[in-house]
Amino acid sequence: MIRFKTLGLAAIVAVTAFTTGALAQEHGHDTKTPERQSWSFAGPFGSYDRAQLQRGFQVFREVCSNCHSAKGLYFRNLAQPGGPQFSEAQVKALAAEYKVKDGPADDGSYYERPGRPADRLPSNYANPEAAKAALGAAPPDMTVLAKARSYSRGFPLFLVDPIIQYQEHGVDYIYSLIALGYSDDKDPNHNDYFPGGHIAMGKPLSDGQVEYTDGSPKTVQQYAKDVASYLMWMAEPKLEDRKKTGFRVMVFLIIFAGLLYFTKRRVWAAAH
Ligand code: HEC
């Protein structure tokens, strides 16, 4: 019986290893594996760094959002607990800087008005086709990009990742792509981490481009780290809640297991 189970398990491991190996090869041998970074929100007790999310939003807003949309983001989200937590007044002022399409008015016409916290962040391009026509490829919407992108770590790491709680593949990829993937001496559309190596997006960041007011270094690395963290929050705004709940569930399960153990001992002691 045990032998069959072991055999079955070995077969499953072998098949998965083989398929992921094949997939990794398909990914292209000249595409580099993203570098693993340290993130404040990693691990079972991880949480976002508010100042970092605020800086990340600044980079996203001043640079990335010129091309990328974030259709799932409402201005008011930026004031919610667990996120960048801008003040209500800041969010109001920020929203008012944007023009939002509204209507129809009484006469049936559409018009523009200043944004309000309950509005979604307007996109720079009317639709993905317009963005594609202007940029050569459609920039993906950023709302859940940090969770939508991943890469194959191959065997045996994909078996280890759940145990070491490695869940930051998406942000590691984004960081590597924008901070490490471009090189000056090559084709400006070459990126070491983009599958296939050729990306329609030119290097989006350069040193000193975004004016930080909190004294953080104005470097590509810092911008990339901050904006990737911000994108992670956008993709998973409830991460902190999830981790807290996970921890409580673990504590509960441990206590519950202990109770079951003692119950079992008592029940079986009585049976003798
Ligand atoms: C000038 C326009 C432009 C700007 C600014 C820009 N991007 Fe892009 N981005 C693009 C385009 C176009 C693509 C699609 C590339 C492709 O498919 O070849 C893209 C793709 C991406 C991808 C997806 C790669 C993938 O795996 O599909 C990421 C991640 C990304 N951009 C991050 C950023 C970040 C972060 C910023 C801000 C620091 C930014 N971009 C700023 C145009 C831009």
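The values are calculated or read from the model by the stated rules, or taken from the named source; none is laboratory data. As the structure is a prediction and not an experimental result, all values here were calculated from the model. Cβ: placed from backbone, ideal geometry, glycine included. Neighbour counts: every protein chain shown.
Overview of values
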{"read-out": "Extreme residue, farthest from the ligand (Cβ to nearest atom), among residues of region 61-77 that are surrounded by fewer than 21 Cβ atoms within 10 Å (Cβ to Cβ) and in a helix (DSSP H, G or I)", "value": "Arg76"}
{"read-out": "Residue match in region 59-73 (condition: over 22 Å from Glu211 (Cβ atoms), without any contact (Cβ under 8 Å) to a residue 60 or more places away in the chain and of a type in the set (Gly, Ala, Ser))", "value": "no"}
{"read-out": "Subset of region 176-205 [within 18 Å of Tyr223 (Cα to Cα), touching a residue at least 24 places away in the same chain (Cβ under 8 Å) and more than 9 Å from the ligand (Cβ to nearest atom)]", "value": "Ser176, Ala179, Leu180, Gly181, Lys203"}
{"read-out": "Single match in Gln52, Gln37, Gln58 (criterion: within 18 Å of the chain's Cα centre (by Cα), assigned to a loop (DSSP other than H, G, I, E, B) and within 16 Å of the ligand (Cβ to nearest atom))", "value": "Gln37"}
{"read-out": "Test: Leu231 is in the same structural domain as Gly181 (by TED's automatic domain parsing) and either loosely packed, with under 13 Cβ neighbours inside 10 Å or under 20 Å from Gly82 (Cα atoms) (or both)", "value": "yes"}
{"read-out": "Residue list for region 78-91, filter: surrounded by 17 or more Cβ atoms within 10 Å (Cβ to Cβ) and of a type outside the set (A, V, I, L, M, F, W, C)", "value": "Gly82, Gly83, Pro84"}
{"read-out": "Selection count, region 98-110, where residues are assigned to a loop (DSSP other than H, G, I, E, B) and surrounded by 10 or more Cβ atoms within 10 Å (Cβ to Cβ)", "value": "2"}
{"read-out": "Some residue of region 230-240 being assigned to a helix (DSSP H, G or I) and away from the ligand (no atom under 15 Å from the Cβ)", "value": "yes"}
{"read-out": "Matching residues in region 149-166 - criterion: being outside any loop (DSSP other than H, G, I, E, B) and in contact with a helix residue (DSSP H, G or I) (Cβ under 7 Å, 6 or more places away or on another chain)", "value": "Phe158"}
{"read-out": "Filter result (surrounded by 12 or more Cβ atoms within 10 Å (Cβ to Cβ), hydroxyl-bearing (Ser, Thr, Tyr) and in a loop (DSSP other than H, G, I, E, B)) within region 207-227", "value": "Tyr212, Ser216, Thr219"}
{"read-out": "Verdict on Leu145 being farther than 21 Å from Tyr48 by Cβ and of a type outside the set (Asp, Glu)", "value": "no"}
{"read-out": "Options Gly197, Gly115; residue that is surrounded by 13 or more Cβ atoms within 10 Å (Cβ to Cβ), on the phi > 0 side of the Ramachandran plot and not polar (S, T, N, Q)", "value": "Gly197"}
